[in-house]
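**Student:** Shown below is the structure under consideration.
The values are calculated or read from the model by the stated rules, or taken from the named source; none is laboratory data. Computed from a predicted model, the values in this text were never measured in an experiment. Methodologically, a virtual Cβ is constructed for each residue, glycine included, from the backbone with ideal geometry; neighbour enumeration extends over all protein chains shown. All accessible areas refer to the heavy atoms of the entire protein, side chains included, with ligands and DNA or RNA removed. Shrake-Rupley method; radii C 1.70, N 1.55, O 1.52, S 1.80 Å.
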Amino acid sequence: MSDNPTSAEAPMFKRLALIGVGLIGSSISHAARRAGLVGEIVGSSPSSETRKRAEELGLATKMYADPSEAVRGADLVILCAPVGAYAAIAKTIGPHLEQGAIVSDVGSVKSAVVRDIAPHIPEGVHFIAGHPVAGTEQSGPDAGFAELFDGRWCILTPEADADESALAQLRTFWERLGSDVEIMSPDHHDMVLAITSHVPHLIAYNIVNTAAHLERVTDKEVIKFSAGGFRDFTRIAASDPVMWRDVFLNNKEAVLEMLGRFSEDLVTLQRAIRFGDGATLEKLFTDARTIRRGIIQASQDTPQPDFGRRAGAGAKSSAR
Ligand code: NAP
């Protein structure tokens, strides 16, 4: 593969193995080639359609059904499959990893991933878990794009005895993919992501299903008047079901803790509505609006009204 032939610098890694080439794996391939970071990219995926498509798109020079073949000779291996598959993948590839190689992942939960992968990593191979906090509701090899990680955080959760030089290399790799890198413990990661990502997805899945099961409002009306707010939940609820099943099965405690707090706060809102307590409602809504402004100031979303949708271009602007 000709990975950025104009790049004057030698690639950081001679061979990158991507285990899974869906949205995240394919985006890593695009961004790594954009930055000239790797000599060659190979991949592994269970389905023959995905393997064929990944080769057609040039995401990898060679795709293998067996991940242990993909990791041979690789100095960087990144697991990009749903987290429920990590233990089996790690067990399969463990004996075939190159001495000195770095093994990482992109899973949306971290404690369970470290638990599942670390025992299969041989002496002399460096395992550092990671999570790019970037994504869309799309999936599969066609969904990826080079800009996905630009200006987004990538969280690395190294174990206490992680190799300093391997950690520095992985940090540089993600920075050159476009990300800002933050280091934290797996437990802390799981607590932060439970409230910023996992519970919001659960709420979106739930509200979409609640609307779908309403008897007094027709399906047609739910879709027709969706610009009132509902459609923004449907975007999140369109995310990959297998990936999200695995997130909730593998971040149970933190999600249940945050869900408990969420339920208590919801009861406060419920009471304020029931008792006509406008002051409480206004205060809570004002606090929430401040959070949105903070996200925009931190360049984590567009300041454009209605997320930058153009009125009349496909979707009409929101009626709130
Ligand atoms: P995706 O688009 O659905 O792609 C998943 C890929 O994993 C597919 O190529 C699939 O292959 C492959 N796969 C499934 N089982 C596998 C196995 N046993 N061995 C090897 N490959 C396997 O998913 P994604 O959105 O890229 O998510 C991948 C990972 O990134 C997940 O761990 C997720 O938690 C994490 N993540 C996702 C987002 C997001 O917003 N989507 C953001 C950050 C991190 P086939 O097509 O052949 O089945």
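**Student:** Could you work out Rg/(2.2 N^0.38 Å) for the range 188-297, with Rg from alpha carbons only?
**Tutor:** Ratio of Cα Rg to 2.2 N^0.38 Å: 1.21.
**Student:** Let me ask you something else. D142 to E159: extension gain in nm, 0.36 nm per residue of separation minus the Cα-Cα distance?
**Tutor:** In short, 2.8 nm is gained.
**Student:** Where in the range 139-171 does the label zone of T302 land, with the point 7 angstrom along Cα→C-beta and an amide N cut-off under 18 Å?
**Tutor:** Within reach of a label on T302, which here means backbone N under 18 Å from a point 7 Å along Cα→Cβ, the range 139-171 contributes 145-152.
**Student:** Tell me the mean residue ellipticity at 222 nm calculated for the chain from its helices only (DSSP H runs of n ≥ 4, each -39500 (n - 2.57), averaged over every residue, nearest 500).
**Tutor:** Calculated at 222 nm, the ellipticity per residue is -13500 deg cm²/dmol.
**Student:** Once a ≥ b ≥ c are taken as the square roots of the eigenvalues of the Cα gyration tensor of the range 13-184, is the result rounded (a/c under 1.5), prolate (a/b larger than b/c) or oblate (a/b not larger than b/c)?
**Tutor:** Note, shape of the range 13-184 comes out rounded.
**Student:** Among the listed pairs K52/K224; K14/K91; K110/K283, which have their C-alpha atoms separated by more than 27 angstrom in this model?
**Tutor:** K52/K224; K110/K283
**Student:** Oh, and also: What spacing in nm lies between the two simple spin-label points modelled at E56 and A87, each 7 Å away from Cα in the Cβ direction?
**Tutor:** It is 3.6 nm.
**Student:** Could you tell me which of I19, I117, A298 has its Cα farthest along the dipole of the chain towards the positive end, charges placed at Cβ (Lys, Arg +1; Asp, Glu -1), taken about the Cα centre?
**Tutor:** Projecting each Cα onto the dipole axis, the largest value belongs to A298.
**Student:** Quantify, in whole percent, the carbon and sulfur part of the accessible surface of the chain (1.4 Å probe; protein heavy atoms only).
**Tutor:** 55 percent
**Student:** Would you work out the relative contact order for the chain, in percent, from Cα pairs under 8 angstrom that are 6 or more residues apart?
**Tutor:** Once divided by the residue count of the chain, the mean separation gives 15 percent.
**Student:** Additional query: Out of E123, E56, E69, any idea which swings most in a Gaussian network model of the chain, alpha carbons joined below 10 Å?
**Tutor:** E123
**Student:** Each label point is 7 Å from the Cα along the Cα-to-Cβ direction; what then is the distance between the points at S263 and E49, in nm?
**Tutor:** Result: 3.9 nm between the two label points.
**Student:** From the protein chains alone at 1.4 Å, what is the descending order of accessible area for K220, K52, largest first?
**Tutor:** From most accessible down to least: K220, K52.
**Student:** Could you give the dipole magnitude of the chain about its Cα centre, charging the beta-carbon of Lys and Arg +1 and that of Asp and Glu -1, in debye to the nearest 20?
**Tutor:** 1240 debye
**Student:** Who wins for biggest fluctuation among S47, S29, S185 in a Gaussian network model of the chain, springs between alpha carbons below 10 Å?
**Tutor:** It is S47.
**Student:** From the Cα trace of the chain, what convex hull volume per residue do you get, rounded to a whole Å³?
**Tutor:** Hull volume over Cα atoms, normalised by residue count, gives 161 Å³.
**Student:** Here's something else I'd like to know. Where both residues lie in the chain, what percent of DSSP beta bridges are antiparallel, nearest 5?
**Tutor:** Here the share of antiparallel DSSP bridges comes out near 15 percent.
**Student:** In Å³ and rounded to a whole number, note down the convex hull volume per residue for the Cα atoms of the range 137-217.
**Tutor:** For the range 137-217, the hull spanned by Cα atoms encloses 139 Å³ per residue.
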